[in-house]
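The values are calculated or read from the model by the stated rules, or taken from the named source; none is laboratory data. Note that the coordinates shown come from a computational prediction; the quantities given were computed from them, not determined experimentally. We work out accessible area using only protein heavy atoms, side chains counted, and drop any ligands, DNA or RNA first. Shrake-Rupley method; radii C 1.70, N 1.55, O 1.52, S 1.80 Å.
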Amino acid sequence: MRRKKLGAGEGTERRRASAAVAFLLVSALTACAGAGEAGGPRAGVGTPAGGERTPGEENTGATAPAGPAACAVTDKLIPSCGAWWGVAPEIFTGAPVDKALRGAETRMDARADVVHVYHRGKELFPTGREISLARDPAHPRLLLVNWKPSVDRTWAEIADGAVDGRIDRLAAHVRRAFPDRFFLTIHHEPEDDVRPGPGSGMEAADYAAMYRHVVLRLREKGVRNAVTVMTYMGAPNWASKPWFEKLYPGDDVVDWVAMDPYADDRVRDFDGLVNKTRPDYPRWPGFYRWTQLRFPGKPVMVAEWGAFLRGEDRAFQRAFFESVRAQMRRYPQIKALVYFDSPRAPRGDTRFDAEPAAGRAFSELARDPHFRSTPVPLP
């Protein structure tokens, strides 16, 4: 969801169609292979001492079965069953991230696998609060860190080394403070920051060069635990630009591909969210279809998504969340769904429980077995 002051977020056709079909077949087989998909409890999660139920857990008084989990996680943090469930909690409220996350988890009566946090410039991450959430012994979480290396340097300047000292300082901090795996996206949603024209330093190719430089510099300085995410807006108007394909930094520096779609007045359900099309941009097939053709071997993350509260249609959010639950399994390449929860998002209110019926539908979605089948790996 875009807000220039904070950098949080919304904002073709092509190749290897046969490879895309093969990927879908493999994904379908993988999704069916894990016994946890049927809704069994997560490994290591049970009723705490004293019998008090924690959000998202059945109050049965039993602990999860011992032994290896049926579903596993790759070194690129891809779950073999279902998808990760995540949230950017209570954004623009001023609440510290740990308080915000626990508040959101209580409101949705479920735990988050992924917590989305935002940093910019010289800020070091993960912070102590973020590390505590990731290493919570009762429920470890994956961090999705969204970083803008600079807000006053062009992409070309960053690619030429203008903030290398900052990158090196960050690398030293990560090596010392957090050797665990985490998701890292760099300057998300670049589309509406592109300034076409030689010499701007903000052309699409400059973005790709900046992203490559930052990732390779971090790796050179010892940061090998960052799972990299390339995050697009996923909007048809930007995806139809002649420079759109030039944004991509390269397979060797991108582990996941992500989109940040929001349910505006053109969107009625989950299908329309992840495959937004518009009649005035007829060549754009929708983001999910595009990823199948362009990146058949990469997992897809919905790194930000939200349904705006509609004053004229108070039942919209509830119906929309129900559509997500009904349709999400049609998209096996989507391996993480991370909600943007904010009462003051730039284009409206995306709180998932702004209406009681919507909150109940969202809670049911959050506790669906699709999101409860693969346990977050312990640090």
Q | Y118 long-range amide H proximity, modeled H, under 5 Å | A | N146
Q: Would you work out what percent of the accessible area of the stretch 114-271, with all protein chains in place, is carbon or sulfur (probe 1.4 Å)?
A: 48 percent
Q | Integer Hz, Karplus 6.51/-1.76/1.60 couplings in order for the stretch 141-147, x for Gly and Pro | A | 10, 8, 8, 10, 9, 10, 10
Q: Rounded to whole Hz and in sequence order, give me ³J(HN,Hα) for the stretch 245-251 from the Karplus expression 6.51 cos²θ - 1.76 cosθ + 1.60, θ = phi - 60°, writing x for Gly and Pro.
A: 5, 6, 5, 5, x, x, 4
Q.
So if I take the centroid of the Cα atoms in the stretch 292-365 and the same for the stretch 114-145, what is the distance between those two points in Å?
A. 22 Å
Q: Mind listing the long-range amide H neighbours of L142? Cut-off is under 5 Å, sequence gap 5 or more, other chains count too, H placed in the peptide plane at 1.01 Å from N.
A: V114, V115
Q: Show the residues, 5+ positions off or on another chain, whose built amide H is closer than 5 Å to the amide H of H188.
A: W147
**Q.** Within straight-line cross-link reach of K76, lysines at Cα separation under 17 Å, skipping those fewer than 8 residues along the same chain
**A.** K298, K335
